[in-house]
Amino acid sequence: MYADRDVTAQLNARGDVAVVVPAAGAGVRLGPGAPKALRLLDGEPLLVHAVRRLAAAPSVRMIVVAAPPADVDAVHALLAPVAPVTVVPGGAERQESVAAALAVVPDEVAIVLVHDAARCLTPPSVVERVAAAVRSGADAVIPVLPVVDTIKEVAADDTVLGTVDRSVLRAVQTPQGFRASVLRAAHRAAADLHTDDAGAVEKLGRPVLCVPGSDLALKITRPIDLALATHLLALPDPDA
Ligand code: CTP
Ligand code: MG
């Protein structure tokens, strides 16, 4: 007699990283429809694309998804064939969704990454790059891209106040990586809402390190992003 082998994709039990995936947003800017993480890209929900790429990163040993509260069971069923995941109900704000997912990450996991489901085409190599920088000693790590547009500071009456030096600016993506204790401390200390988790670490006065991000890690926000992502899917695998 032998037990059936588990056909579900496995995560690396020897990995040292838990990834928290906020996926509970409505996707208002994408227009009417299902919650954004469940909208389809090339026939599959954004969340499936995101989790498949996270599960392909060798450092990842645990994935916790914060789902729209009404869809927790559906999300669990959807992801079961993709990777072993824990699914918790998200909150009304992204920060609450992250906190809910972080709460079920066991204390012994040393590195936590926070990754938007909406950045569903982020290559596993970016996940590994962020995790490696935390493993090497950084408290907090963010993937970034240079800013390509000229950026102006503008007054309330639409007159230009000045041109910002673009060379010192970076556009910030996810996954953002943290020593677990630092992320927990930042969340505990956060009095106001923050749009990214590294911002909460900055408020603690701790250093945040930048590593290169990826054009593929764009956030699906508006309908045009979904159209762009459809074309990006057809490109050769950047990690192949
Ligand atoms: N998110 C979440 N819980 C919330 C709000 C957002 O988990 N209460 C997640 C989203 O699902 C997304 C990520 O945070 O993966 C980034 O947020 P955003 O791109 O703003 O997504 P939405 O809030 O869904 O979009 P919108 O702001 O257009 O409604
Ligand atoms: Mg939002």
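For region 146-173, give me each residue that is under 26 Å from Gly213 (Cβ atoms), of a type in the set (Val, Ile, Thr) and either open to solvent by 80 Å² or more (accessible area, probe 1.4 Å) or within 19 Å of the chain's Cα centre (by Cα) (or both). Selection gives Val148, Thr150, Thr163, Val168, Val172.
Among the helices (runs of 4 or more DSSP H) lying completely within region 174-240, list those that include at least 3 residues that are surrounded by 11 or more Cβ atoms within 10 Å (Cβ to Cβ), modelled with pLDDT of 95 or more and touching a Lys or Arg at 6+ places or on another chain (Cβ under 8 Å).
Correct list: empty, since no element meets the threshold.
The residue of region 38-66 that is farthest from ligand 1 (Cβ to nearest atom), among those that are in contact (Cβ under 8 Å) with a residue 60 or more places away in the chain and more than 16 Å from the chain's Cα centre (by Cα), is Pro58. Screening Pro143 against (1) without any contact (Cβ under 8 Å) to a residue 24 or more places away in the chain; (2) surrounded by 10 or more Cβ atoms within 10 Å (Cβ to Cβ); (3) in a strand (DSSP E or B) leaves a single unmet condition, (1). The residues on offer are Pro69, Pro106, Pro35, and the sole one that is at pLDDT 95 or above and within 9 Å of ligand 1 (Cβ to nearest atom) is Pro35. Please count how many residues of region 146-173 are under 14 Å from Ala198 (Cα atoms) and assigned to a strand (DSSP E or B). Adding up the residues that qualify gives 3. If you go through region 79-96 and pick out every residue that is more than 16 Å from ligand 2 (Cβ to nearest atom), open to solvent by 30 Å² or more (accessible area, probe 1.4 Å) and in contact (Cβ under 8 Å) with a residue 40 or more places away in the chain, you end up with 4.
The values are calculated or read from the model by the stated rules, or taken from the named source; none is laboratory data. These numbers were taken from a predicted model, which means no experiment stands behind them. Cβ: placed from backbone, ideal geometry, glycine included. Neighbour counts: every protein chain shown. Just so you know, the surface numbers come from the protein's heavy atoms only, side chains and all, with ligands and any DNA or RNA stripped out. Shrake-Rupley method; radii C 1.70, N 1.55, O 1.52, S 1.80 Å.
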